[in-house]
1. What does DSSP give for the chain in terms of the percent of beta bridges that are antiparallel, rounded to the nearest 5?
2. Gap in Å between the Cα centre of region 76-143 and the Cα centre of region 419-435?
3. Once you have the Cα-Cα distance between ALA191 and ARG324, take 0.36 nm times their residue separation minus that, and quote the gain in nm to one decimal.
4. Give the calculated FRET efficiency between LEU216 and LEU373 to the nearest 0.05, with a Förster radius of 60 Å applied to their Cβ-Cβ distance.
5. Looking at region 22-82, which chymotrypsin sites (Phe, Trp or Tyr not before Pro) are DSSP coil and have at most 15 other C-beta atoms within 10 Å of their C-beta?
6. How big, on average over all directions, is the shadow cast by the Cα convex hull of the chain, in nm²?
7. Full-extension gain between ASP408 and ASP223, please, as 0.36 nm times their residue separation minus the C-alpha to C-alpha distance.
8. Note down the Stokes-Einstein diffusion coefficient of region 392-448 in µm²/s, whole number, using a Kirkwood radius over alpha carbon pairs, 37 °C, and 0.692 mPa s.
Amino acid sequence: PLLAWLAVALPSIFLHGPIPLYSTRTLAVAWEMWDRGSFLVPLFNGAPYSHKTPLLPWLIHAGWAVGGVGDVWPRLLMVLLAALVIAQSGLLAARLLPQRPRLARDTAWVMAGLWYFVLFSWQLMYELLLAATVLGGLLALCRRQGEAWRPNWPGFALAVGLGLLAKGPVALLHLGVPLLGARLWHPAARAEGRRFARHALLAVLGGIALFALWLLPAVLLGDPEYRQALLVTQTAGRIQHSFDHAEPWWWYAPVVLVLLAPWWWQAWWWRQVPALWRTPELRMPWLWLLGVLLLFSLISGKQAYYLLPDFPAAALLLAAAAERQPRLGWLPGALLLALGALLLGARAGWPPLPAAVQAGAPLAGGVLILLGLILLRWRSLPAQAGGLLLAVATLHAAATPLLRTQYDLTPTARILAEAARAQRPLAYVGVYQLQFHFAGRLHTPVAALDEADARVWA
């Protein structure tokens, strides 16, 4: 699965430039920190940026220190982080159930075949790094010495600290759910009781102390507004009546079914659900996935990618369900055949597609039909996961001409950079999300205006 992932992801992530708003914003924050030497306090258009923590920019800076500023290393970093998450997912399955070696391979394959994970890994965002830290913590929790379970508490503390540095307090939620439910699945938690709980508490506090090594200097260096946002608003402000991305409580239920399609909808999975719960080690991914889903549903602010660090739990359960099923369902193959037929008909005008993708749509449709026929013939889990990975890459390649047309910010960024070098002030009418900051290597803030302010500013 790792070789398949790298073979597909490395060319795919370089087909087009960084996509706004998320990828361009991530690069711009790292660039502003680098340009101004503000390595402790992230910056957003010249002001302290409380929405994000600094671990991902630091990793980007490490590559820039070696090879210079550019977007090649950040893209490679995303592919490598995704490969790490795939490998960690398989290793977690091996630690939970070492007597079932096929489960580790199949869990890694499922991760490589989840369409949302694949597409998300070709964006420059923080959740992949958070997923790697969460899996690192669970691997420390599931360490074995022979037949005995011996949690690596220093490793768990390190994972907590890095998770907090990767995405903030939400890391405690992803790691806390399986930890708090450890008595249902972890032999050491059942056998040692209070000793396990005491070590867990000390490890969490140690991780928070590691986080504080960055937090305290950053708070002192930032302005009062940054301190208020960092310590209070960014967490409390999303829990109830969120200032951003507010959705109803049931929002994640349909979303998670779409994100895990087509695996989630196959009959072989549902028949195995009771047996999966009866296996104590497999209660961990159940608790992890359902617990996080419940807690996120209770929180006002919601985004689909918030669930990305918990995809390995679903991958582990799906792989375990497939162990007793040598031939999986026909749904993935049928889905690819239908998508391929739609793309073949695009040249005839239906479905109506943008002109930029019409020329390549028939070729992509032919590839999808071929993959669909292969998946109908070979229904093993690795074959289906590999086929879905290739299908996502094919659709992404077919959309690349449109992405290049719509999201090439280079010409505009070049004009802005020339104006900035000429000491001309810059302004943006609307909500400026740093779309042009990295592409233009801008050194000064861009004024964000509404239409009423624009006349005065001009």
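1. Counting DSSP beta bridges with both partners in the chain, the antiparallel share is about 60 percent.
2. Rounded to whole Å, the Cα centres lie 40 Å apart.
3. So the chain would gain 44.8 nm between ALA191 and ARG324.
4. 0.50
5. PHE39
6. The directionally averaged projection comes out at 24.0 nm².
7. 63.1 nm
8. Translational diffusion coefficient: 257 µm²/s.
The values are calculated or read from the model by the stated rules, or taken from the named source; none is laboratory data. Since the model is a prediction, treat every value here as computed from it, not as a measurement. Positions of Cβ are generated from backbone atoms using ideal geometry, with glycine treated the same way; all protein chains shown enter the neighbour counts. Ligands, DNA and RNA are stripped out before the accessible areas are found, and what is left, the full protein with its side chains, is counted by its heavy atoms. Shrake-Rupley method; radii C 1.70, N 1.55, O 1.52, S 1.80 Å.
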